[in-house]
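**Q** Please see the structure below; I have some questions.
The values are calculated or read from the model by the stated rules, or taken from the named source; none is laboratory data. Since the model is a prediction, treat every value here as computed from it, not as a measurement. Ligands, DNA and RNA are excluded from the accessible area calculation, which covers all protein heavy atoms including side chains. Shrake-Rupley method; radii C 1.70, N 1.55, O 1.52, S 1.80 Å.
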Amino acid sequence: MKEHRDDLELYTKGCKALLNFTTDDPNAQRILACKEAFGLRIIAEGMKYWQSDRPDESDVLDHLRLRLASVRVLKNVSTHTSLEVKGKIALGGGAARIVDRLLEALVFTGKDLITNNYQVGEMSAAVAAGDYTGEQDIVGLSLTIMKDALETIV
């Protein structure tokens, strides 16, 4: 991932693999935070890809999927109970950088929703309840990113 930062598909698949690796596994969360020197920084880089060069729908969806996967990896790691892991997140991952990336994800995702006048409607209730799983819907992905980013900051 570090070598191919411009390859959106590879970066997204790498973030999704790390998401699967760290979901409900405290040992995997500790490994990513404590053993991989640049692991969290590389994940946080995925949230920088908020603006698309080609504003077609498939490109926007690709960027949203990357942003969602990277936010969720950070969310998984931030739930670890160990002070060692929390310290590594703050020092090794650069807590200020990670928080900045999370805030950028919130701001740019919200601006995109407003600028494109996407209709939120009933979808926000499904996202809030955690019942939303659609990977083809820009509004649903955007709301999920915003929800997960806020939960990670908390």
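**Q** Identify, please: which residue in the range 103-154 is among the aromatic types (Phe, Trp, Tyr) and at pLDDT below 80 and is, among those, most open to solvent (accessible area, probe 1.4 Å)?
**A** Narrowing the range 103-154 to residues among the aromatic types (Phe, Trp, Tyr): 108, 118, 132.
So of that shortlist, the ones also at pLDDT below 80 come out as 118, 132.
Working: Tyr118: 66, Tyr132: 49 Å².
The qualifying residue most open to solvent (accessible area, probe 1.4 Å) is Tyr118.
**Q** May I ask you to say which residue of Leu10, Leu40 is of a type in the set (A, V, I, L, M) and farther than 20 Å from Thr152 by Cα?
**A** That would be Leu10, the only listed residue that is of a type in the set (A, V, I, L, M) and farther than 20 Å from Thr152 by Cα.
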